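Peer 1: Supplied in structure tokens, the structure appears directly below.
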Amino acid sequence: GQQVQQSPASLVLQEGENAELQCNFSSTATRLQWFYQRPGGSLVSLLSNPSGTKHTGRLTSTTVTKERRGSLHISSSQITDSGTYLCAMERDDTGYQNFYFGKGTSLTVIP
Amino acid sequence: NAGVIQTPRHKVTGKGQEATLWCEPISGHSAVFWYRQTIVQGLEFLTYFRNQAPIDDSGMPKERFSAQMPNQSHSTLKIQSTQPQDSAVYLCASSMGQFYAEQFFGPGTRLTVL
């Protein structure tokens, strides 16, 4: 089954509103990594943290590994934030880097 | 640093033809990952190399897909007898290889099988 589940699947916000993206995973994870993908573009790493909270600019990533969940908070959304946000779970039980991706949250920010 | 380089960016093949996709990882990175991305399935892991050695190919369709890393500067993904269901964006990523190392993705190769 799907090891990483993201919600919501899509989200429409007005410019200036905040967004909260959720990521739940079904296996033991060492960390979550959040990626951004513009339509037709490649993946760009946003934040990565094994546990706790990490900030960069308007983004805040929170990971609660024991509860197998994480979230990405986007404050004061801008039109240029539109795109797909992917959550990737890294596992360490295989002895090497092993990533599992969710299907993403499609964010549309409108004026 | 040019980042991860993938060529070609777009490839169109006829059903039954062979397609070879190329990836050049970031210099110094020891781990290379191949993924396939479609709207329906999302991002699917295909295979993983570390220090040029194949570590995990559990995501590779066994019969027609193969991947190699002949040297530390490039990896190839070969699809024989391509089928329309192989149409997807194939993404290559590289990292330093150890846990917590950040993955860097290439721009992808969009493969269309007619």
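The values are calculated or read from the model by the stated rules, or taken from the named source; none is laboratory data. These numbers were taken from a predicted model, which means no experiment stands behind them. Note: ideal-geometry Cβ built from the backbone for every residue, glycine included; neighbour counts use all protein chains shown. We work out accessible area using only protein heavy atoms, side chains counted, and drop any ligands, DNA or RNA first. Shrake-Rupley method; radii C 1.70, N 1.55, O 1.52, S 1.80 Å.
Peer 1: Could you figure out which of (1) away from chain A (no Cβ under 11 Å); (2) open to solvent by 40 Å² or more (accessible area, probe 1.4 Å); (3) at pLDDT 95 or above isn't true of residue B:54?
Peer 2: Unmet for residue B:54, out of (1) away from chain A (no Cβ under 11 Å); (2) open to solvent by 40 Å² or more (accessible area, probe 1.4 Å); (3) at pLDDT 95 or above: (3).
Peer 1: Here are the criteria: (1) touching a Ser or Thr at 6+ places or on another chain (Cβ under 9 Å); (2) of a type in the set (Val, Ile, Thr); (3) farther than 24 Å from residue B:98 by Cβ. Tell me which single one residue A:80 does not satisfy.
Peer 2: Looking at each condition in turn, residue A:80 falls short on (1).
Peer 1: Just checking, does the stretch B:62-72 include any residue being acidic (Asp, Glu) and not in a loop (DSSP other than H, G, I, E, B)?
Peer 2: no
Peer 1: Any chance you could count how many residues in the stretch B:102-114 are under 14 Å from residue B:36 (Cα atoms), more than 13 Å from chain A (Cβ to nearest Cβ) and open to solvent by 20 Å² or more (accessible area, probe 1.4 Å)?
Peer 2: Going through the stretch B:102-114 one residue at a time, the tally reaches 1.
Peer 1: I would also like to ask the following. Only strands (runs of 3 or more DSSP E) wholly contained in the stretch A:11-111 count here; list those with 1 or more residues that are more than 9 Å from chain B (Cβ to nearest Cβ) and of a type outside the set (Lys, Arg).
Peer 2: A:19-25, A:31-37, A:43-49, A:52-56, A:59-64, A:69-74, A:83-91, A:105-110
Peer 1: Something else now. Name every residue in the stretch A:86-103 that is open to solvent by 10 Å² or more (accessible area, probe 1.4 Å) and closer than 11 Å to residue A:33 by Cα, in order of residue number.
Peer 2: Within the stretch A:86-103, A:100, A:101 qualify.
Peer 1: Does the stretch B:27-38 include one or more residues that are within 30 Å of residue A:10 (Cα to Cα), more than 11 Å from chain A (Cβ to nearest Cβ), assigned to a strand (DSSP E or B) and more than 13 Å from the chain's Cα centre (by Cα)?
Peer 2: Checked the stretch B:27-38: no residue is within 30 Å of residue A:10 (Cα to Cα), more than 11 Å from chain A (Cβ to nearest Cβ), assigned to a strand (DSSP E or B) and more than 13 Å from the chain's Cα centre (by Cα).
Peer 1: Same structure, new question: Just to check your reading of the model, which residue among B:64, B:50, B:36 is out of contact with any Gly (no Cβ under 7 Å at 6 or more places or on another chain) and over 13 Å from residue B:108 (Cα atoms)?
Peer 2: B:64
Peer 1: A further question on this structure: Taking the criterion of being aliphatic (A, V, I, L, M) and within 14 Å of another protein chain (Cβ to nearest Cβ), would at least one residue in the stretch B:68-80 satisfy it?
Peer 2: Scanning the stretch B:68-80, I find no residue that is aliphatic (A, V, I, L, M) and within 14 Å of another protein chain (Cβ to nearest Cβ), so the answer is no.
Peer 1: Being open to solvent by 10 Å² or more (accessible area, probe 1.4 Å), under 15 Å from residue A:100 (Cα atoms) and of a type in the set (A, V, I, L, M, F, W, C) is the filter here, so list the residues in the stretch B:82-100 that pass it.
Peer 2: B:99
Peer 1: Is there any pair with a first residue in the stretch B:84-101 that is more than 10 Å from every other protein chain (Cβ to nearest Cβ) and assigned to a loop (DSSP other than H, G, I, E, B) and a second that is of a type in the set (Ser, Thr, Tyr) and surrounded by fewer than 23 Cβ atoms within 10 Å (Cβ to Cβ) whose Cβ atoms are under 8 Å apart and which are 6 or more apart or on different chains, and what are they?
Peer 2: B:87/B:38; B:87/B:112
Peer 1: State which residue is farthest from residue A:107 (Cα to Cα) when the search covers only the stretch A:62-80 and only residues that are touching a residue at least 60 places away in the same chain (Cβ under 8 Å) and open to solvent by 20 Å² or more (accessible area, probe 1.4 Å).
Peer 2: A:76
Peer 1: Find all pairs meeting these conditions: Cβ atoms under 7 angstrom apart; at least six residues apart or on different chains; first residue within the stretch B:64-80 and within 13 Å of residue B:46 (Cβ to Cβ); second residue hydrophobic (A, V, I, L, M, F, W, C) and open to solvent by 70 Å² or more (accessible area, probe 1.4 Å).
Peer 2: B:76/B:22
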